[in-house]
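Quick notes on the structure that follows.
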Amino acid sequence: MVAPRVSAALLRRQGAGYGPLALMYHAVERMRGTPRWRWSVSLERFRQHLDLLQEAGYRTLRVADLDGSVDQCGPCVLITFDDGYADNYAAFQELSRRGMVGTWFVVTRAIGGHADWLEDQGERRALLTAEQLREMAAAGMEVGAHGRRHLRLAALPPEELRSEVRGSREDLENLLSRPVTSFAYPYGSHDDAAVAAVSEAGYTAACTVRPGWIRPDGRQPLALPRLEIGPGVGSGELARMLTLGTSDGSWLALGRYFGRRLTARFTGR
């Protein structure tokens, strides 16, 4: 079910006055109901999210499109996917049918295999193949790097850090025969050394897992915020998240937001 008209109206007003927001998805499952895994959404719910964005007049951008002029993009959103799970191919098809774009951050040494970093969670999930990634890139989607082995980058030894960051870019450029300029920190783990390695490897943008608005002035391009999309996020909650620029889309959070605005209006602070 698409979010109420008032939610779409709020999105149109908010999106026009702030920088863009990035949404972070992982798995997109074909199933009824709500997935059990915290990093999944159902395909039906993903379709509802796209319906909401279209109803509210949002334009989609790729991470590579952030060129410092995003303050002129109007209501816009970045749809990103971490890890490159095979079930994401259906999400790619949904975006493509609607003329929308997204960015996939993939683990290069696991392409076409399984996500071995999930074994301690009891999960065995297949990953997109090289052929699928080439097809997606040719269709206008962005494929970015997410390390070679999905390691926590903070505090990695320098040589291993360079291999994960620079090596994943080289792997993808060899695979896709096109430049790769975007990176996402696995687990959101990064420190000053990791950010420096990303910059030295030639990336121009990198995503974290911290919530917030992307600065329209183009500052902090190697620490871009994103809103985490969990399995229970419906269209109404997504509308509130986009209105607030936070991963907390509860009614309570919305109430606090309007409470602060009313207070500021009457107190002048």
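Could you grab me the full set of residues in the range 172-216 that are more than 14 Å from Asp65 (Cα to Cα) and either acidic (Asp, Glu) or assigned to a strand (DSSP E or B) (or both)?
Glu173, Ala184, Asp191, Asp192, Glu200
For every residue, the table says whether it meets (1) touching a residue at least 40 places away in the same chain (Cβ under 8 Å); (2) more than 19 Å from the chain's Cα centre (by Cα); (3) closer than 27 Å to Arg219 by Cα.
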site	(1), (2), (3)
Arg30	yes, yes, no
Leu43	yes, no, no
Thr60	yes, no, yes
Ala64	yes, no, yes
Leu78	yes, no, yes
Tyr85	yes, no, no
Phe92	yes, no, no
His114	no, yes, no
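Which members of the range 188-222 meet the condition of being within 17 Å of Phe105 (Cα to Cα) and in contact with a strand residue (DSSP E or B) (Cβ under 7 Å, 6 or more places away or on another chain)?
If the condition is that a residue be within 17 Å of Phe105 (Cα to Cα) and in contact with a strand residue (DSSP E or B) (Cβ under 7 Å, 6 or more places away or on another chain), then Val198, Tyr203, Ala205, Ala206, Cys207, Thr208, Val209, Pro221, Leu222 are the ones that fit.
Tally the residues that are among the hydrophobic types (A, V, I, L, M, F, W, C), touching a Phe, Trp or Tyr at 6+ places or on another chain (Cβ under 9 Å) and surrounded by fewer than 22 Cβ atoms within 10 Å (Cβ to Cβ), restricting the search to the range 196-212. Break it down stepwise before answering.
Looking only at the range 196-212, we keep the residues that are among the hydrophobic types (A, V, I, L, M, F, W, C), and these are 196-198, 201, 205-207, 209.
So of that shortlist, the ones also touching a Phe, Trp or Tyr at 6+ places or on another chain (Cβ under 9 Å) come out as 198, 201, 205-207, 209.
Subset that is surrounded by fewer than 22 Cβ atoms within 10 Å (Cβ to Cβ): 201, 209.
Counting residues in the range 196-212 that are among the hydrophobic types (A, V, I, L, M, F, W, C), touching a Phe, Trp or Tyr at 6+ places or on another chain (Cβ under 9 Å) and surrounded by fewer than 22 Cβ atoms within 10 Å (Cβ to Cβ) gives 2.
Scan the range 8-20 and give yes if some residue there is in a strand (DSSP E or B), within 19 Å of Thr246 (Cα to Cα), modelled with pLDDT of 90 or more and within 17 Å of the chain's Cα centre (by Cα), otherwise no.
Filtering the range 8-20 for residues in a strand (DSSP E or B) gives none.
Looking for residues that are in a strand (DSSP E or B), within 19 Å of Thr246 (Cα to Cα), modelled with pLDDT of 90 or more and within 17 Å of the chain's Cα centre (by Cα), one finds none in the range 8-20, hence no.
The values are calculated or read from the model by the stated rules, or taken from the named source; none is laboratory data. Not measured: the values here are computed from a predicted model. All Cβ positions, glycine included, derive from the backbone under ideal geometry; neighbour counts span all protein chains shown.
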